[in-house]
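Here, each number is a calculation from the coordinates, and none is a lab measurement. Quick caveat, the model's predicted, so the values are computed rather than measured. All Cβ positions, glycine included, derive from the backbone under ideal geometry; neighbour counts span all protein chains shown.
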Amino acid sequence: MSNVRIMLADDHELMRDGLRLLIDQQPDMEIVGEAENGETAVALAQRLKPDVVLMDVSMPELNGYKATLRLKRDCPDISILALTRHTDEAYLQQLLEAGASGYVLKKSASAMLIEAIRAVIAGGTFIDPKVAEKIVNVCVHRRVSCDNPTFANLSPREIEILRLIALGYSSKEIGTRFRISHKTVEVHKTNAMKKTGMRSRIDIVSYAILQGWLQETETF
């Protein structure tokens, strides 16, 4: 099998050096490009088509959120793993809504970053445990509870669609899997969210964490 092709996007050279050193130690991974700002990151990723972009959230010219939006619009097959110092739920929600497949804190252990890369390349979603614990606690107590009886009212199709959304698949990809239109997928998603009181993708991901869905992978 060919190596996982990874691109680095971070405005701090020292951070890129550390990431390069870590990834070069992995026998099945390679660095194919580096960018020091968001604009360069988008242009370089569009040209190189890496498997994964390690995307700093705070970069000059174009931040990680906006760069992720553009990349997922133009190159939807590229997996984006956000790297950040921020543990705030709002940052996670922004990146997930933009299409990121993972969210890792820069202060986390290097082994966790490698685990995250392997998770997203396998088709999963990876949320740093420190952030996951925080958002689950918030959502369980405010809106989404695993004991919420409304989840029993979900159809098997609605549950499967929520699971795939949490794993990072688009409505178009889910529609192709089930041989339905992406608009029908959106209808199922909307109905499921109404039944459960979910408001955003972060609620879906929170419930997926509780159910253990993010440890699963899905091959289309």
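For the reader, a short list of remarks on this structure follows.
- Dipole magnitude of the stretch 10-140 about its Cα centre (Cβ charges: Lys, Arg +1; Asp, Glu -1), debye to nearest 20: 280 debye
- Per-residue ³J(HN,Hα) for the stretch 169-179, Karplus 6.51 cos²θ - 1.76 cosθ + 1.60, θ = phi - 60°, Hz, x for Gly and Pro: 7, 7, 4, 5, 5, 5, x, 4, 4, 9, 6
- Amide H contacts of VAL4 (H built 1.01 Å from N, in plane; Pro and chain starts excluded): MET29, GLU30 sit under 5 Å, all sequence-distant by 5 or more or on other chains.
- Counted residue by residue at 0.36 nm each, then reduced by the alpha carbon distance between them, the extension gain from SER58 to GLN211 reaches 52.0 nm.
- Distance between the modelled labels on SER155 and ASP74, one decimal in nanometres: 3.9 nm (7 Å Cα→Cβ projection).
- Between LYS66 and GLU173, the contour length at 0.36 nm per residue exceeds the alpha carbon distance by 36.3 nm.
- Legend: distances between Cα atoms for LYS49/LYS107; LYS66/LYS183; LYS106/LYS195; LYS66/LYS189; LYS107/LYS183; pairs beyond 31 Å are LYS106/LYS195; LYS107/LYS183.
- Put a dot 7 Å past the Cα of LYS49, heading toward its Cβ, do the same for ALA122, and the two dots end up 2.6 nm apart.
- Shape call, the stretch 4-134: gyration tensor on alpha carbons, a/c limit 1.5: rounded
- Full-extension gain in nm, GLU133 to HIS12, via 0.36 nm per residue minus C-alpha separation: 40.7 nm
- From most to least packed by mean Cβ count within 10 Å, the peptides 8-20, 79-91 give 79-91, 8-20.
- Cα-centre dipole for the chain with unit charges at Cβ (Lys and Arg positive, Asp and Glu negative), debye to 20: 980 debye
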